[in-house]
């Protein structure tokens with residue numbers, strides 16, 4: 001009996017919320033790719049949190065901690081939305097590294113380079129979320145659209161704060 005608990009199988013859930021099966025699958029695949037990017041950002045933010053040095057240490061250390069905590073919670077919300085659509089989270093084929101826009105290369109040497117790298121990844125994630133939000137709205141999945149608008153709002157604020165931290169101009 002314990003082994004069955006380790007290998008969950010979805011029952012035929014017959015989700016009937018006004019979004020057709022094909023649309024739910026397409027949205028779940030897009031969310032799975034976003035979930036992958038979110039986890040990559042959790043990991044990269046944590047790596048930079050541990051390894052940042054220099055005059056900006058404290059600010060970056062604190063900001064990355066706030067961000068990886070937020071991103072980890074967001075991953076749960078995204079996965080739960082995939083489940084609400086009647087799919088496993090993540091859908092294996094859609095969540096692979098080939099679909100990721102966030103790089104797992106966390107080899108930036110300086111604090112400035114770390115922040116610039118995070119900005120690039122957050123902006124790439126925003127672009128992917130924007131496309132998925134548009135698609136979800138077109139398919140009348142307003143819940144996913146709302147979730148993604150909230151996530152884009154967060155990521156855009158993060159980009160603004162990171163840019164403000166590393167700007168050379170007053």
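No value in this document is a laboratory result; all are computed from the given coordinates. Remember, it's a predicted structure, so these values are computed and weren't measured experimentally. Cβ: placed from backbone, ideal geometry, glycine included. Neighbour counts: every protein chain shown.
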statement: On each of the three principal axes the extent of the alpha-carbon atoms of the chain, given in whole Å and largest first, is 56, 41, 24
- request: Compute the acute angle (0 to 90°) between the alpha-carbon long axis of helix 111-138 and the principal axis of greatest extent of the alpha-carbon atoms of the chain; round to the nearest 10°.
  value: 30
field: Inter-site label distance for residue 73 and residue 153 at 7 Å from Cα along Cβ, in nm
entry: 1.4
- request: Compare 149, 159, 15 in a GNM of the chain, Cα atoms joined below 10 Å, and give the one with the largest fluctuation.
  value: 15
query: residue 116 versus residue 65, label points 7 Å from Cα toward the beta carbon: distance in nm?
result: 2.7
statement: Footprinting proxy, 32, 45, 103: sorted fewest to most Cβ within 10 Å, the residues are 103, 32, 45
- request: Calculate, in nm to one decimal, what residue 163 and residue 50 gain on full extension: separation in residues at 0.36 nm each, minus their alpha carbon distance.
  value: 38.6 nm
query: Of 62, 25, 156, which is the most mobile in a GNM of the chain whose springs link Cα atoms less than 10 angstrom apart?
result: 62
- request: Please state, as a whole number in µm²/s, the translational diffusion coefficient that the Stokes-Einstein equation yields for segment 111-164 at 4 °C and 1.567 mPa s, with Rh defined as the Kirkwood radius across alpha carbon pairs.
  value: 112
message: Can you tell me the orientation of helix 21-51 relative to the chain, as the angle in degrees between its alpha-carbon axis and the longest Cα principal axis, to the nearest 10?
response: 30
field: Choice from 44, 73, 128 showing the highest fluctuation, given a GNM over the chain with Cα pairs closer than 10 Å
entry: 73
query: Could you state the number of Å between the C-alpha centres of segment 21-39 and segment 126-169?
result: 15
- prompt: Can you give the angle from 0 to 90° between the axis of helix 57-84 and the longest principal axis of the chain, with both taken from C-alpha atoms, to the nearest 10?
  reply: 10
